[in-house]
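*Asks:* One structure coming up, written as structure tokens, with questions to follow.
Any read-out appearing in this document is the output of simple, stated calculations on the displayed coordinates, not a laboratory observation. What you are looking at is a predicted structure, and each value in this text was computed from that prediction instead of being measured. Counting neighbours? That spans all protein chains shown, and the Cβs are built from the backbone with ideal geometry, glycine included.
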Amino acid sequence: MSPFGPFYCVFRWDLSNVPEHERNLASVQVRLARVDELETIAEVWHRGLSQESGAPWAEYLKHWSPQGAAAWFRDSMLRLGARFFAAEKDGKIVGMNGIIFEKKSGLARFFTGVVVSPEAQRQGIGSKLLYMSLMEARKEGLRNAEVETLEGITASEHLYPKFGGRSKIIAS
Ligand SMILES: CC(C)(COP(=O)(O)OP(=O)(O)OC[C@H]1O[C@@H](n2cnc3c(N)ncnc32)[C@H](O)[C@@H]1OP(=O)(O)O)[C@@H](O)C(=O)NCCC(=O)NCCS
């Protein structure tokens, strides 16, 4: 993290050019979440962001409780057609990504970011969620995917550059 930061940045993927993901990770199922699972999805999101090393999301999370996030997610599903991917392991939801498919602009917005429960990280779950999200966006006929995030955190250093993601700093 920069001493002047945090800096926001945007990662963008060209969906016509996503490399294959070699690792199958059969013990983890990535599927669409149901509306009655959004509270769990929001809890995973809130806990994953709040426990990220160095607390880069602390300022952002001042505006969000897990209950507030669940209401936001439900609203975005019902009003904007957002879809949520859930990563399930041993019957438990351990990761998520929320996507808005913008048919007009040809863009898939990963508007929640990819988040994995702290206890389930570093097992390939974030990579599987990201890859499946990119594949779903491509199947929907979209050209690009984007996520807004912070520079220097685990996601922007190690996850989002995978599968061809390129970053651009937008603001501090
Ligand atoms: C970013 C995040 C989703 C990654 O999830 P994950 O399940 O741990 O990801 P993976 O296990 O698939 O790891 C992906 C790559 O990152 C690397 N990685 C993961 N955590 C790492 C860490 N703490 N330090 C160094 N490398 C790390 C892995 O080794 C792997 O590298 P590889 O592709 O070369 O093998 C997870 O760290 C997270 O939820 N962070 C907090 C929430 C957040 O900030 N999300 C972004 C919102 S925009």
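*Asks:* Given 0.36 nm per residue, what is the gain on full extension from residue 22 to residue 50 after removing their alpha carbon distance, in nm?
*Replies:* Values: separation 28, 0.36 × 28 = 10.08 nm, distance 3.02 nm.
So the extension gain works out to 7.1 nm.
*Asks:* If the only charges are +1 at each Lys and Arg Cβ and -1 at each Asp and Glu Cβ, what is the size of the charge dipole of the chain around the Cα centre, to the nearest 20 debye? List each step's numbers first, then the result.
*Replies:* Working: 22 positive and 20 negative charges, 91 e Å.
In total the dipole reaches around 440 debye.
*Asks:* On full extension of the chain, what length is gained from residue 31 through residue 122, given 0.36 nm per residue of separation minus the C-alpha to C-alpha distance? Before the final figure, lay out the partial values.
*Replies:* On the way: separation 91, 0.36 × 91 = 32.76 nm, distance 1.96 nm.
So the extension gain works out to 30.8 nm.
*Asks:* Now a separate question. Compare 82, 55, 108 in a GNM of the chain, Cα atoms joined below 10 Å, and give the one with the largest fluctuation.
*Replies:* Residue with maximal mean-square fluctuation among 82, 55, 108: 55.
*Asks:* Under a 5 Å amide H to amide H cut-off, with H placed in plane at 1.01 Å, what residues pair with residue 113 once short-range neighbours are removed?
*Replies:* 98
*Asks:* Could you derive backbone 3J(HN,Hα) for the stretch 67-82 from the dihedral phi with the Karplus parameters 6.51, -1.76 and 1.60 (θ = phi - 60°), listing whole Hz in sequence and x where the residue is Gly or Pro?
*Replies:* Taking θ as phi minus 60°, the curve returns 5, x, 5, 4, 5, 4, 5, 5, 4, 5, 5, 6, 9, 10, x, 4 Hz for the stretch 67-82.
*Asks:* With +1 on each Lys and Arg Cβ and -1 on each Asp and Glu Cβ, and nothing else charged, work out how big the dipole of the stretch 45-97 is about its Cα centre, in Debye to the nearest 20.
*Replies:* On the way: 7 positive and 5 negative charges, 31 e Å.
For this selection, approximately 160 debye.
*Asks:* Continuing with the same structure: Once you have the Kirkwood Rh of the chain from its Cα pairs, apply Stokes-Einstein at 10 °C and 1.306 mPa s and quote D in µm²/s. Please list the in-between numbers first.
*Replies:* Values: Rh = 16.2 Å.
So the translational diffusion coefficient is about 98 µm²/s.
*Asks:* At a 10 angstrom cut-off on C-beta neighbours, averaged per residue, how do the peptides 83-93, 145-155 rank from highest to lowest? Mind dumping the intermediate values first?
*Replies:* Values: 83-93: 17.6, 145-155: 20.1.
In descending order of packing, they fall as 145-155, 83-93.
*Asks:* ³J(HN,Hα) across the stretch 113-123 via Karplus (A = 6.51, B = -1.76, C = 1.60, θ = phi - 60°), whole Hz, x for Gly/Pro?
*Replies:* Per residue, the Karplus-derived 3J(HN,Hα) values read x, 7, 9, 10, 3, x, 6, 10, 6, 6, 10 Hz.
*Asks:* Past the 19 Å Cα-Cα mark, which pairs from 128/162; 104/128; 62/92; 128/168; 92/128? Let's see the in-between values first.
*Replies:* Values: 128/162 11 Å; 104/128 27 Å; 62/92 27 Å; 128/168 23 Å; 92/128 16 Å.
104/128; 62/92; 128/168, as the Cα separations exceed 19 Å there.
*Asks:* Excluding residues fewer than 8 places away in the same chain, name every one of the aspartates and glutamates whose C-alpha is closer than 18 Å to that of residue 103.
*Replies:* Reachable aspartates and glutamates: 14, 136, 140, 146.
*Asks:* I've got another one for you. Considering the chain as a Gaussian network with a 10 Å cut-off on Cα pairs, which listed residue, 32, 130, 78, attains the greatest mean-square fluctuation?
*Replies:* Per the Cα network of the chain with a 10 Å cutoff, 78 tops the list.
*Asks:* What residues qualify as long-range amide H neighbours of residue 95, i.e. H under 5 Å apart, gap of 5 or more or another chain, H built at 1.01 Å from N?
*Replies:* 87, 117
*Asks:* Let me ask something else about it. Could you check the simple spin-label distance between residue 100 and residue 138, using points 7 Å along Cα→Cβ, in nm with one decimal?
*Replies:* Going by the 7 Å Cα→Cβ label model, 2.5 nm.
*Asks:* Just order 11-23, 64-76 by mean Cβ neighbour count inside 10 Å, highest at the front, would you? Before the final figure, lay out each step's value.
*Replies:* Working: 11-23: 13.8, 64-76: 16.5.
So the order, starting with the most tightly packed, is 64-76, 11-23.
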